Amino acid sequence: FHLRSMRKDIYKICKSFAGELSSLKATENNKNNQNNKDDDNEIYFGIIMVDAPLQICFERNKHRTGINCIPDDILINMSKSFEHPDSESIKFEQSSFVILNDDATTVSSTASEKELQKLKEQKEETIIRAIDRHVYNTTKRPISPPPPPFDEETERKRKNEERNITLASRAHRYDRLLRLQVGVSCRHLAKKSYARHVNDARRIVLTEIKNGTLYKDNHDGNNDDDAGENCDDDKKVLKEKYNIKVKSSSIHEDMKDLTEGDTTDSIIIHDEDDAAVISLFIKLVLDDQDQSTDKNKTEKINDVASLLKCIQRCYEDFYQSYHSTEEL
């Protein structure tokens with residue numbers, strides 16, 4: 001398992017099995033009125049990694065044939081992506097043991113064949129003893145079973161609390177909104193290849209949100225005048241360059257009255273923070289993708305007016321859905 005996530009999946013299986021075993025033992029002890037601890041039934045998790053330098057892998061691979069011979073590019077990619085066990089900072093990898101399999105006793109040696117064989121056997125014996133010691137040390141660290149599950153009502157309340165905290169997160173909320181807006185925008189692209197540009201716009205906006213540089217009011221008691229100016233600048237660019245106006249209003253106001261007599265394409269946003277997010281996103285989506293001249297420039301969006309209507313509709317649906325969830 002060359003990725004840590006793969007090893008963690010195995011660890012989770014062991015931990016789950018340890019929980020089931022613990023429950024079985026507790027049930028058995030209760031029946032027999034005993035409180036015995038049987039070490040033979042404990043679950044352990046350890047890692048033994050055989051590490052060989054990439055050049056050694058190449059040399060060994062040359063002697064393989066057929067399906068056993070692995071292309072060099074695969075070996076290189078595996079070497080780059082390999083995540084070595086970290087016994088110091090990763091808790092579930094504390095019991096890790098690495099064997100350096102570098103052929104040190106056989107490469108560039110002038111010793112006789114008999115001497116080489118003896119050195120090889122000594123090395124193998126040393127490795128076996130080290131593995132035995134590692135396995136013994138691993139048995140000193142049994143996996144702790146997961147805590148017993150809460151009752152259904154307590155578990156439901158806990159999940160609801162966690163869900164409310166997550167929903168309250170601006171970054172999470174706007175990530176959901178922007179992903180929906182990316183899907184809407186991609187339907188109006190002149191070329192499918194521009195989809196990456198739209199997704200990059202989403203990432204830039206999220207970065208601004210997480211850095212706290214998008215809003216004038218950062219919700220922590222401090223006002224960021226520069227952030228407020230950035231938001232106003234985004235709206236100004238949309239108005240002057242694209243003839244698009246982003247308006248803030250209460251959800252109870254009549255949008256027809258707000259847009260009536262206005263020659264610009266308008267987006268009605270019910271929250272100042274939402275307006276900052278939507279303004280920057282639209283500006284980035286409509287911004288020039290490259291530095292080509294106006295004569296040779298290819299428009300990324302087929303129908304900007306239609307895109308704005310879809311963005312408006314997507315925002316309204318999301319806003320209503322989000323606040324309906326909050327009321328629950």
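The values are calculated or read from the model by the stated rules, or taken from the named source; none is laboratory data. Given the structure is predicted, the values throughout are model-derived calculations rather than measurements. Cβ placement follows ideal geometry from the backbone for every residue including glycine, while neighbour counts extend to all protein chains displayed. The accessibility values were calculated without ligands, DNA or RNA, using every heavy atom of the protein model including side chains. Shrake-Rupley method; radii C 1.70, N 1.55, O 1.52, S 1.80 Å.
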If R₀ is 35 angstrom, what is the calculated FRET efficiency for the pair Asp232 and Cys186, using the beta carbon separation as r and rounding to 0.05? 0.80
Quick one: of Lys12/Lys159; Lys91/Lys140; Lys210/Lys300, which pairs are farther than 18 Å apart, Cα to Cα? Lys12/Lys159; Lys210/Lys300
Each label point is 7 Å from the Cα along the Cα-to-Cβ direction; what then is the distance between the points at Cys69 and Asp132, in nm? 4.1
Under a 5 Å amide H to amide H cut-off, with H placed in plane at 1.01 Å, what residues pair with Ala52 once short-range neighbours are removed? Asn101
Give the long-range amide H neighbours of His188: residues separated by 5 or more places, or on another chain, with amide H under 5 Å away, using H modelled in the peptide plane at 1.01 Å from N. none
Cβ-derived FRET efficiency at R0 45 Å, Glu272 paired with Ala26, nearest 0.05: 0.20
Compute, for Val135, the solvent-accessible surface of its heavy atoms (probe 1.4 Å) with the complete set of protein chains present, and express it in square angstrom to the nearest 10. 70
How much length, in nm to one decimal, is gained on full extension between Lys114 and Asn211, taken as 0.36 nm per residue of separation minus their Cα-Cα distance? 28.3 nm
Evaluate the distance, in nm, between pseudo-label points positioned 7 Å from the Cα of Leu100 and of Arg158 along their respective Cα→Cβ axes. 4.5
How far apart, in nanometres, would the label points at Ser16 and Asp317 be if each is projected 7 angstrom from Cα along the Cα-to-Cβ direction? 3.5
So, counting K/R as plus one and D/E as minus one, what does the shell of residues with Cβ under 12 Å around Phe92 add up to? +4
Non-local amide H neighbours of Asp265 (under 5 Å, H modeled in plane, Pro and chain starts lacking H): which ones? Lys245
³J(HN,Hα), Karplus 6.51/-1.76/1.60, whole Hz, each residue of segment 13-29, x for Gly, Pro: 4, 4, 5, 5, 5, 4, x, 5, 5, 5, 5, 4, 5, 5, 5, 5, 5
Karplus-derived 3J(HN,Hα), 6.51/-1.76/1.60, for each residue of segment 174-188, Hz, glycine and proline x: 6, 5, 4, 4, 5, 5, 5, 5, 4, x, 5, 5, 5, 6, 10
Suppose R0 equals 35 Å. What FRET efficiency, 1/(1 + (r/R0)^6) with r the Cβ-Cβ distance, do Lys91 and Glu124 give to the nearest 0.05? 0.65
